[in-house]
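Comments concern the structure below.
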Amino acid sequence: MRGFYSDVFVLPLPEGHRFPMGKYARLRERVQAELPQIELEPAPAASDREILRAHDAQWLAQVKSGSVPAPRLREIGFPWSPQMVERSRRSSGATIAACRAALADGTAANLAGGTHHAQRSRGGGYCVFNDAAIAALAMQAQGCARRVVIIDCDVHQGDGTAQILAGDPSVFTLSLHGRHNYPFVKQASDLDVEFDDGTGDAAYLAALDDALDRALAAARADLAIYLAGADPYRDDRLGRLALTRAGLAARDRLVFGRCAQAGLAVAVCMAGGYAREIEDTVDIHLSTLRIAAGG
């Protein structure tokens with residue numbers, strides 16, 4: 001199995017910034033030390049042409065030139081820098097590469113990605129470009145996949161993915177997320193499953209099982225992009241759900257197992273994770289990759 005990383009492009013963040021950027025480098029180090037069955041490769045950068053299938057030309061131009069309006073930059077939550085632009089390109093490029101590798105090998109991973117709050121003409125929630133939408137449309141444009149299903153198990157709704165792909169019957173969007181969590185104005189995915197605060201393993205897994213039945217039947221896809229967020233974890237600072245590590249591992253096994261039964265290649269992205277202890281987030285992401293690699 002191949003995994004693609006972009007963490008060498010470190011963002012200069014202000015002191016006390018809440019986003020746990022260090023989790024990506026720690027995850028790569030843990031994969032190198034503990035999962036030799038995953039062949040790591042540096043992520044390529046997504047091209048303008050690839051980004052423009054999902055995003056407006058004006059948004060791309062503002063990001064490239066550093067002219068993003070201040071209110072839009074506050075919505076993203078990162079200050080602009082050349083590293084931010086390169087990292088965002090490579091995070092999307094990593095998902096494109098993971099999709100291509102998954103179609104060849106069955107499963108592949110982006111050790112970051114899951115930037116699902118970026119909409120067609122704006123970013124938001126630590127997301128600049130929407131890697132899942134960019135990658136899905138790239139695979140179709142390159143003739144690698146005819147139909148795609150995006151299975152979003154980050155605790156926050158994939159509002160940008162839903163907005164970009166609205167009305168596109170060739171890409172099915174499924175989002176399982178907290179009802180009362182960010183974003184507070186939701187978009188309409190092809191299938192949304194909302195959870196109340198405090199939802200635990202049993203209720204979540206039952207709902208996921210049903211949602212996969214419905215989504216995979218409707219999608220009739222060749223490729224799945226799976227956003228395996230660590231933030232439904234019960235000790236996540238931004239999650240508000242109550243899944244255990246065992247419950248998150250069961251979630252991953254359910255998604256990978258059902259996709260295998262359907263004959264789907266799977267590209268997995270790490271998406272969110274904001275546990276009080278950063279190593280808890282890294283452990284959850286590592287478990288996802290171990291399961292993806294057949295462990």
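The values are calculated or read from the model by the stated rules, or taken from the named source; none is laboratory data. These numbers come from a predicted model, not from an experiment. Every residue, glycine as well, gets a Cβ built from its backbone with ideal geometry; the counts of neighbours run over all protein chains shown.
Those residues that are at negative phi, over 19 Å from the mean Cα position of the chain (by Cα) and in a loop (DSSP other than H, G, I, E, B), I need them from the range 187-204; list them, please.
ASP196, ASP197, THR199, GLY200 - these are the residues of the range 187-204 that are at negative phi, over 19 Å from the mean Cα position of the chain (by Cα) and in a loop (DSSP other than H, G, I, E, B).
Residues that are among the aliphatic types (A, V, I, L, M), part of a helix (DSSP H, G or I) and surrounded by 14 or more Cβ atoms within 10 Å (Cβ to Cβ): does the range 104-119 have at least one?
There is no residue in the range 104-119 that is among the aliphatic types (A, V, I, L, M), part of a helix (DSSP H, G or I) and surrounded by 14 or more Cβ atoms within 10 Å (Cβ to Cβ).
Step by step: first the residues of the range 24-39, then only those that are among the hydrophobic types (A, V, I, L, M, F, W, C) and surrounded by 15 or more Cβ atoms within 10 Å (Cβ to Cβ), then the one that is modelled with the lowest pLDDT. Which residue is that?
ALA25
Can you work out which of the residues in the range 153-181 that are within 18 Å of ASP201 (Cα to Cα) and under 15 Å from the mean Cα position of the chain (by Cα) is surrounded by the most Cβ atoms within 10 Å (Cβ to Cβ)?
CYS153
Conditions first: (1) over 18 Å from the mean Cα position of the chain (by Cα); (2) at pLDDT 95 or above. PHE184 passes all but one, so which condition is the exception?
Every condition holds for PHE184 apart from (2).
Considering only residues of the range 52-79 that are at pLDDT 95 or above and touching a helix residue (DSSP H, G or I) at 6+ places or on another chain (Cβ under 7 Å), which is surrounded by the most Cβ atoms within 10 Å (Cβ to Cβ)?
Within the range 52-79, the match that is surrounded by the most Cβ atoms within 10 Å (Cβ to Cβ) is ALA54.
So which residues in the range 276-286 are out of contact with any Gly (no Cβ under 9 Å at 6 or more places or on another chain) and closer than 19 Å to ARG237 by Cβ, if there are any at all?
Those that are out of contact with any Gly (no Cβ under 9 Å at 6 or more places or on another chain) and closer than 19 Å to ARG237 by Cβ: ARG276, GLU277, GLU279, ASP283.
Can you tell me which residue within the range 270-285, out of those that are of a type outside the set (Val, Ile, Thr), crowded, with 22+ Cβ neighbours inside 10 Å and out of contact with any Asp or Glu (no Cβ under 7 Å at 6 or more places or on another chain), is nearest to GLN37 (Cα to Cα)?
HIS285
Identify, by number, the condition in (1) among the small types (Gly, Ala, Ser); (2) in a helix (DSSP H, G or I); (3) under 30 Å from ALA166 (Cα atoms) that ALA33 doesn't meet.
(3)
Cβ contacts < 7 Å: first residue touching a residue at least 12 places away in the same chain (Cβ under 8 Å) and closer than 12 Å to ILE225 by Cα, restricted to the range 117-143; second residue of a type in the set (Asp, Glu) and surrounded by fewer than 24 Cβ atoms within 10 Å (Cβ to Cβ), any location; separation 6+ or different chain. Result?
If the second residue must be of a type in the set (Asp, Glu) and surrounded by fewer than 24 Cβ atoms within 10 Å (Cβ to Cβ), the pairs left are ILE134/GLU50.
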